[in-house]
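The structure appears right after this line, and notes come after that.
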Amino acid sequence: MTSEQQPQSATTLVLRAFSLNFRMLPTFVALGLICSLVPFLLFVAGFAALAEGMTALGIILILISLVLGLIGYAYFYAATTLAVWLRLTGVKAKVFQIVRRLRGRVAWKTVTTGFRVGLTVMFGYLLLIVPGFIWYSKYAMSVPVVVVEQVYGRDAMDRSASLAEGHRGRL
């Protein structure tokens, strides 16, 4: 058995994860800036409009920034998932290669699948909290499934559920 196949202690796994995340920090920061800069600027412009007395424009800009912020967050999650997956498979992709790979259909399907999972989990929390935790642990891998396996929507949620089977406590 190689060292990669042998069971590892929690400390070893945490140190390996920290090391990988530390090496990838510049990539994560760049992706975060790409995904959040426009929503942030619109948010600031909205508050500036409110301060100038342009209430309708300010509210519209703030609402647009919130929607774009949610989309940007989903895209950031997908981009960081792809970056880590590529690194773990031995590919050192640059930031714009990652962004290019996520454009179009994969990006849109990531956002819609993430939104669908979010609504499902939120509904679970409204049903006395416990179903929300159960559904969160069941569907936590949906966006990585979309990015890595390019399975979308309900199929991604079903695949996430099958991956989580027997491992929910760790998720």
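By the combined test of axial Cα extent (at least 15 Å) and Kyte-Doolittle hydropathy (mean at least 0.5), the qualifying DSSP H helices of the chain come to 10-23, 25-51, 55-88, 105-126. Taken per residue, the accessible surface of the chain reaches 65 Å², heavy atoms only and a 1.4 Å probe. About its Cα centre, the dipole of the chain is roughly 460 debye, where the only charges are +1 on Lys and Arg Cβ and -1 on Asp and Glu Cβ. The charge dipole of region 82-171, taken about its Cα centre with unit charges on the Cβ atoms of Lys, Arg (+1), Asp and Glu (-1) only, comes to about 480 debye. Computed extension gain for Lys94 through Ala56, at 0.36 nm per residue and net of the alpha carbon distance, reaches 9.6 nm.
Sorting 117-123, 102-108 by average packing, meaning the other beta carbons within 10 Å per residue, from highest down gives 117-123, 102-108. Report in % the part of the accessible area of the chain that belongs to carbon and sulfur, leaving out ligands and nucleic acids; probe 1.4 Å. Carbon with sulfur: 69 percent of the solvent-accessible area.
The values are calculated or read from the model by the stated rules, or taken from the named source; none is laboratory data. Here the structure is a predicted model, which is why all the values come from computation and not from measurement. Cβ: placed from backbone, ideal geometry, glycine included. Neighbour counts: every protein chain shown. All accessible areas refer to the heavy atoms of the entire protein, side chains included, with ligands and DNA or RNA removed. Shrake-Rupley method; radii C 1.70, N 1.55, O 1.52, S 1.80 Å.
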